[in-house]
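I'd like to ask some things about the structure below.
Each value in this text was obtained by applying a stated rule to the coordinates, not by laboratory testing. Predicted model, so just to flag it, every value in this text is computed and none were measured. FYI the Cβ positions are ideal-geometry reconstructions off the backbone, even for glycines, and counts take in every protein chain you see.
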């Protein structure tokens, strides 16, 4: 070996040693979020700076890291959580385990759910002013464990969390059959548009509506509430693609609180439902092609690798704001992204989100509720910085849960 070759070999050796030293130094600066979590050195030096020593030796099923937002025109970092969908899955968490207006934060919902290791806020929701009796509820549809929990209040995009697909709406249908007469059901477990004066509805049972149902208070003498119990079905009555037998136990024209295990139906006076007698039965049929684990959001950002154009009228997505996104890569790896910000001042736009998601290899993504709701809870703590450093109570959360073997 010539002296020149020896010098080159020596420099190469020192470069390798220096690289190892740099990685080790960054690993010392890194954090281990929990036994299941490691921050992953991907995409940027910001991410690398959070790498843990464990990650340098072996990969974990869940990765938490930060991506510097400057390359995407965003002040601050994107908080990114990814996980192996063969070992973990999304489950929908409901505030107080009912859609009752969001009295729990994503972290609180996760803490109340055995096995939950992380959570992000879910669908947009309505929150009535403090002190008013009517609860808020989720805007989009909610299907959990194959049961239709809530139907969309307004036209809303959806994400099938199990099949990793997005759609423009929740496809569902339900009807009651009484003595051969089929009565369509137009809403399930909605607080609106039927509002009950001075009554909070925890919706622990199943509340249905028969069209037309747009009446502020059912005690005006125009409608009746039929209260049913399950006639022995082995599944929740609104389990999709099933038929259940219901038994009428009472009727009222006043405000109601839906009891657990009941199915309450709002019906117009003079309809087949209103003419039922106590003890009579009805058959409830519920169908859907939207999957067993489905929640709403807005808008769809990516669908099969194609950017979905955002309407020009959607000024909220054209201006920066705190955001929360759920998506998947082409290999099926799940991705959650949260970026902090203030509406119209800081955070990310839809275009900036698309740029980041594409850099992560994401091909399917739906924007979730944002702004004050944007919260990423991992390993027992909130890892982002919500506005005012306070996590907002929400109506739904997406929980990351180990898959049962």
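Rank-order 355-367, 140-152 by packing density, defined as the average count of other C-beta atoms within 10 Å over each peptide's residues, highest first.
Most protected by this proxy first, the peptides run 140-152, 355-367.
Please compute the modelled spin-label separation between residue 257 and residue 186, points set 7 Å along Cα→Cβ, answer in nm with one decimal.
2.9 nm
With no solvent and one equal point scatterer per Cα, compute the Debye intensity ratio I(q)/I(0) for segment 305-405 at 0.14, 0.20 Å⁻¹ and report its log10, rounded to two decimals.
For the requested q values the scattering log ratios are -0.56, -1.08.
Between residue 229 and residue 289, what is the label-point separation in nm under the 7 Å Cα-to-beta-carbon projection?
Once both label points are built, they end up 3.8 nm from each other.
A further question on this structure: Computed from the mean reciprocal separation of all distinct C-alpha pairs, what Kirkwood hydrodynamic radius does segment 361-405 have, in Å?
Kirkwood radius, segment 361-405: 12.6 Å.
Still on this structure, please answer the following. Give the peptides 115-121, 82-88 in descending order of average Cβ contacts within 10 Å, highest first.
Top of the packing list down: 115-121, 82-88.
Once you have the Cα-Cα distance between residue 168 and residue 355, take 0.36 nm times their residue separation minus that, and quote the gain in nm to one decimal.
That pair, residue 168 and residue 355, stretches by 65.1 nm at full extension.
Can you give me the distance in nm between label points at residue 154 and residue 404, each placed 7 Å from the Cα along the Cα-to-Cβ direction?
Placing both labels 7 Å beyond Cα along the Cβ direction yields 3.7 nm.
Is the C-alpha gyration tensor of segment 215-347 telling us rounded, prolate or oblate? Criteria: a/c under 1.5 is rounded; beyond that, a/b larger than b/c is prolate, otherwise oblate.
prolate
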